[in-house]
Amino acid sequence: MDAIKFENVTFGYHNQTPIIENLNLEIKKGKYTVLLGHNGSGKSTIAKLAIGLLECQDGNIFIDGIELNEKNLNQIRSKVAIVFQNPDNQFIGSTVRDDMAFGLENKCVDPNLMDAMIEEYAKKVNMHEFLDTEPTNLSGGQKQRVALAGVLAMQPDILILDEATSMLDPIGKKEIFDVIQELKVKRSEMTILSITHHIEEALFADEIIILNNGKVVKVGLPNDLLYDQNLLNQNALEAPFIIQLEEKLKQANIPFEPTLDVKELVKQL
Amino acid sequence: MMSNITLGRYIPNNTFFHRLDPRCKLLLLFIFMITIFINLGMIGYIVLGLVVLLCFILSKISILTIFKSLKPMWFMMIFIFVINLFVVKTGTPWHLGKITIYSNAIFATLKIVYRLFLLISTSTIFTATTKPLDITIAIEDLFAFLKPIMNVHILSMMISIALRFIPTILEETNRIMKAQASRGVDFVHGKLKEKAKAITSLIIPLFVSAFARSDELANAMEARSYNPYAQRTRYRKLHWQFKDSLILILSIVLLAGFITLAITGFAKTWNTSIFEWIKGWFK
Ligand SMILES: Nc1ncnc2c1ncn2[C@@H]1O[C@H](COP(=O)(O)OP(=O)(O)O)[C@@H](O)[C@H]1O
Ligand SMILES: [Mg+2]
C-alpha cells in the first residue's frame, strides 16, 4: 500500500485550464521521497491536494489507502502534516511554545500533557532553549524548525515538506536538513515527501520523482537519475555540485569511484 | 520610526500587576473607564490620580514610557483648547491684546486633558503588564457568556493573530519603504500630491503581500487541523487567585463610592458639571 496515491488526478485553479492532468503518483510508505521540479511545475499544488486544501476536479487521491473526501478530511489531516515554504506565514502562536501547542489544541490533547510533548519535540529540533521566544526574535531557520517540531508533535504518519528550506540561508538550510536526516534514521516508519527544486536534497532520497508541467517525467533512484545530464536539462534542473565535480574529474582523467557521498569522494582523492 | 511605538507594548517584568490575573486587570480597566467618565469633582479627580500613580509605582513602568505614550496627546490638547477658546464664554475674562480668554475655557480643557491622561495611563499600565496573548484569553473567558449568540473563540483568535502579525508587517513596511526609496520614491519631501503618490507605492505592495500572507496562514492553520467551530482544548490556563478577588472588590467599592458622591451632588459643589457645560453649549 502506498502512503500517498494519486489516480488520474486533474486539477486547475478556479476551473481554468488544468495545471495537473491525469496525474498518477505513488509515494511509498516509510520512504524518503523527493519530488523535484522547477518553479511553477505544480509541486505545491500537488502538496495541497494531498492534504485536502484543494479539491481535485477529477480522479482520486488515497492516503494510506483511504480515499480523500470531505467526510474524512479530519482523519486524513491527523495522518498527514505539512511544512510550508514561508517561515513567517505558518507561525501562528505568539511564542514558540504557543505555536507548538496550536496543533495539539486542535487535536484536543489534554493541556496537562502538552508541556511534556512540547519539550520533547522542541528538543528534537534543538529549539528547547527558545520555548518562550517570540517569532520576531527568531531566524528563518529557527522558525522553520519550530514549524517542523509543531507538526511532528502531532505525530503524523506522513510528513510533507513543501520547499521548507528554500527561503533560508545556507546555515538554516543545513539545520533543517540535518533534522530531516535524523528523522529518516530514527523514525523509519514515517513517510517523508520532500518537495523541492533544490537538487542537493535529492542526493540521499530513497526515490526521486521528477515533475514537469504537472506531469511525472521520471521516477528512479538518485544514482540513476542524477547522473543523467539530458534528463536534468530537459526539466530545467541542475546537477548537484558533487556530480558536476565528478564530471570535471572525469574530463581531467583523474581516476575515482563515482559516489554521492562528498566525504567518500574526498577520501578517494 | 517604527521602533518607538510604546502605546500598547508589553514590558516584561514580574511585578504585582504583572502577576494579577488578566481577567481581573481587564475588569479593572472597565471599571476605571466608567469611573473616569463620571463627573467626580476636584477631590474625586485627585483621589483617582493618586490611584493611577500608585498603579504606576506598583507596575514599575518608567516615567519615560508614560510620557512617550502621551506624545499623541499634545496635539489633541491644543485642539481641544482652541475649540474651547471659541465655545466657552463663561468665567473670568482675561484680555490679551485683541483676544479675550475666559477662565472656564482653560478649566474645561484641563479637565478633559486630565481625563484623557488618566485613560491613556491606565491603558498603558494594562498593556504594559499583560501579555497580548493573555489579553486575548481574558477576552475569550470574560465574554464566554456570549457563546450562545456568537463564537467568542474566533474573535480572540483574530485578535491574537493580528497582534502576532503587527511586528511582521511593520518589518515588511520598512523593507518596502527602503526598496521604493532606492527606486527614487521620496516619502519625506515634496508636495502633498507627490507624497500621496509615494504612500500609494507603499500601501499597494503592502496590501498585496498581506493578502498573500493571510492566504498562506489560513492554509497552514487548516493543515494543522484547525477548525474554529470544532471542539478544541486550550494550552494556556488562567489562574484566578484570592488577591484578584480582593482587588476587584476594592475597586468596585471605590466605583460605588464615586457614583454615590456624584449622585448626591457632592461633586458639583467643587466644580461645574460637565453635563451643565454641555447643556450651556446647546442653549
Ligand atoms: N492560487 C492560485 N491561483 C491560480 N493559479 C495558481 C495558484 N497557485 C499556483 N498557481 C499556478 O499553478 C502553477 C503551479 O504552481 P505551484 O503548484 O505553486 O508550483 P511550484 O510549487 O512547483 O512552484 C503555476 O503556474 C502557478 O502560476
Ligand atoms: Mg511551490
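The values are calculated or read from the model by the stated rules, or taken from the named source; none is laboratory data. In this text, all values refer to a predicted model and were calculated from it rather than measured experimentally. Because the Cβ atoms are built from the backbone with ideal geometry, glycine has one as well, and the counts that use them run over all protein chains shown. For accessibility, only protein heavy atoms count, side chains too; no ligands or nucleic acids. Shrake-Rupley method; radii C 1.70, N 1.55, O 1.52, S 1.80 Å.
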For B:Leu255, only one of the following conditions fails: (1) farther than 30 Å from A:Ala50 by Cα; (2) open to solvent by 30 Å² or more (accessible area, probe 1.4 Å); (3) at pLDDT 75 or above. What is its number? (2)
Among (1) closer than 30 Å to B:Leu58 by Cα; (2) touching a Ser or Thr at 6+ places or on another chain (Cβ under 9 Å) - the single one B:Leu142 does not satisfy: (2)
Flag if A:Ile66 is within 16 Å of ligand 2 (Cβ to nearest atom) and either at pLDDT below 95 or open to solvent by less than 20 Å² (accessible area, probe 1.4 Å) (or both): no
Among the residues in the range B:194-202, are any surrounded by 13 or more Cβ atoms within 10 Å (Cβ to Cβ) and outside any helix (DSSP H, G or I)? no
One residue is enough: does the range B:117-134 have a residue meeting the conditions of a type in the set (D, E, K, R) and in contact with a Gly (Cβ under 8 Å, 6 or more places away or on another chain)? no
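Examine the range B:169-181 for a residue that is in contact with an Asp or Glu (Cβ under 7 Å, 6 or more places away or on another chain), away from chain A (no Cβ under 14 Å) and either surrounded by fewer than 18 Cβ atoms within 10 Å (Cβ to Cβ) or not polar (S, T, N, Q) (or both), and state whether such a residue exists. Walk me through how you get there before you give the answer.
So in the range B:169-181, the residues in contact with an Asp or Glu (Cβ under 7 Å, 6 or more places away or on another chain) come out as none.
So far as the range B:169-181 goes, no, none of its residues is in contact with an Asp or Glu (Cβ under 7 Å, 6 or more places away or on another chain), away from chain A (no Cβ under 14 Å) and either surrounded by fewer than 18 Cβ atoms within 10 Å (Cβ to Cβ) or not polar (S, T, N, Q) (or both).
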Criterion violated by A:Gln85 - all others in (1) more than 15 Å from A:Lys5 (Cβ to Cβ); (2) more than 16 Å from ligand 2 (Cβ to nearest atom); (3) surrounded by fewer than 21 Cβ atoms within 10 Å (Cβ to Cβ) satisfied: (2)
Would you point out which residue out of B:Phe56, B:Phe67, B:Phe32, B:Phe37 is loosely packed, with under 15 Cβ neighbours inside 10 Å and under 20 Å from B:Tyr10 (Cβ atoms)? B:Phe67
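Pull up the range B:100-146, narrow it to residues that are of a type in the set (Gly, Ala, Ser) and in contact with a Lys or Arg (Cβ under 9 Å, 6 or more places away or on another chain), then point me to the one that is nearest to the other protein chains (Cβ to nearest Cβ).
B:Ala138
Take the residues of the range A:144-159 that are open to solvent by 10 Å² or more (accessible area, probe 1.4 Å) and assigned to a loop (DSSP other than H, G, I, E, B): which is farthest from ligand 1 (Cβ to nearest atom)? Quick ask: steps written out before the conclusion?
First, pick out the residues of the range A:144-159 that are open to solvent by 10 Å² or more (accessible area, probe 1.4 Å): A:145, A:154-155, A:157.
Applying the additional criterion that residues be assigned to a loop (DSSP other than H, G, I, E, B) yields A:154-155, A:157.
Details: A:Met154: 23, A:Gln155: 26, A:Asp157: 23 Å.
So, considering only residues that are open to solvent by 10 Å² or more (accessible area, probe 1.4 Å) and assigned to a loop (DSSP other than H, G, I, E, B), the one farthest from ligand 1 (Cβ to nearest atom) is A:Gln155.
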For the range A:165-184, what are the residues that are open to solvent by less than 10 Å² (accessible area, probe 1.4 Å) and of a type in the set (A, V, I, L, M, F, W, C)? A:Ile176, A:Ile180
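From the list A:Leu49, A:Leu54, A:Leu73, which residue is among the hydrophobic types (A, V, I, L, M, F, W, C) and surrounded by 20 or more Cβ atoms within 10 Å (Cβ to Cβ)?
Values: A:Leu54 fails: surrounded by 20 or more Cβ atoms within 10 Å (Cβ to Cβ); A:Leu73 fails: surrounded by 20 or more Cβ atoms within 10 Å (Cβ to Cβ).
Unique residue meeting the criteria: A:Leu49.
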Condition met for A:Glu120 (in a helix (DSSP H, G or I), within 7 Å of chain B (Cβ to nearest Cβ) and not hydrophobic (A, V, I, L, M, F, W, C)): no
Does the range A:160-175 include one or more residues that are more than 16 Å from ligand 1 (Cβ to nearest atom), modelled with pLDDT of 90 or more and closer than 27 Å to B:Arg232 by Cβ? no
List the residue pairs whose Cβ atoms are under 6 Å apart, where the first residue sits in the range A:228-257 and is surrounded by 11 or more Cβ atoms within 10 Å (Cβ to Cβ), the second is charged (D, E, K, R) and in a helix (DSSP H, G or I), and the two are 6 or more positions apart or on different chains. A:Pro240/A:Glu200
Could you check, for the range B:208-225, whether at least one of its residues is buried (at least 17 other Cβ atoms within 10 Å of the Cβ) and more than 14 Å from chain A (Cβ to nearest Cβ)? no
Flagged in the range A:148-164 as closer than 15 Å to A:Asn106 by Cα and among the aliphatic types (A, V, I, L, M), in numbering order, are A:Val151, A:Leu152, A:Ala153, A:Met154
Mind listing whichever residues of the range A:47-100 are more than 16 Å from ligand 1 (Cβ to nearest atom), in a strand (DSSP E or B) and closer than 17 Å to A:Leu159 by Cβ? A:Ile63, A:Val80, A:Ala81
Do any residues in the range A:82-103 that are more than 8 Å from chain B (Cβ to nearest Cβ) have Cβ atoms under 7 Å from those of residues that are assigned to a helix (DSSP H, G or I) and within 16 Å of ligand 2 (Cβ to nearest atom), where the two are at least six apart or on different chains, and which pairs are they? A:Val83/A:Gln144; A:Val83/A:Ala147; A:Pro87/A:Gln144; A:Pro87/A:Ala147
Name the single residue, out of those in the range A:1-43 being open to solvent by 40 Å² or more (accessible area, probe 1.4 Å) and within 16 Å of ligand 2 (Cβ to nearest atom), that is farthest from the other protein chains (Cβ to nearest Cβ). A:His38
When both residues are 6+ apart or on different chains and their Cβ atoms are under 8 Å apart, which pairs have a first residue that lies in the range A:183-211 and is under 20 Å from A:Leu168 (Cα atoms) and free of Cβ contacts under 8 Å to residues at least 60 places away in the same chain, and a second that is within 15 Å of ligand 1 (Cβ to nearest atom) and outside any strand (DSSP E or B)? A:His198/A:Glu163; A:His198/A:Thr165; A:His198/A:Ser166
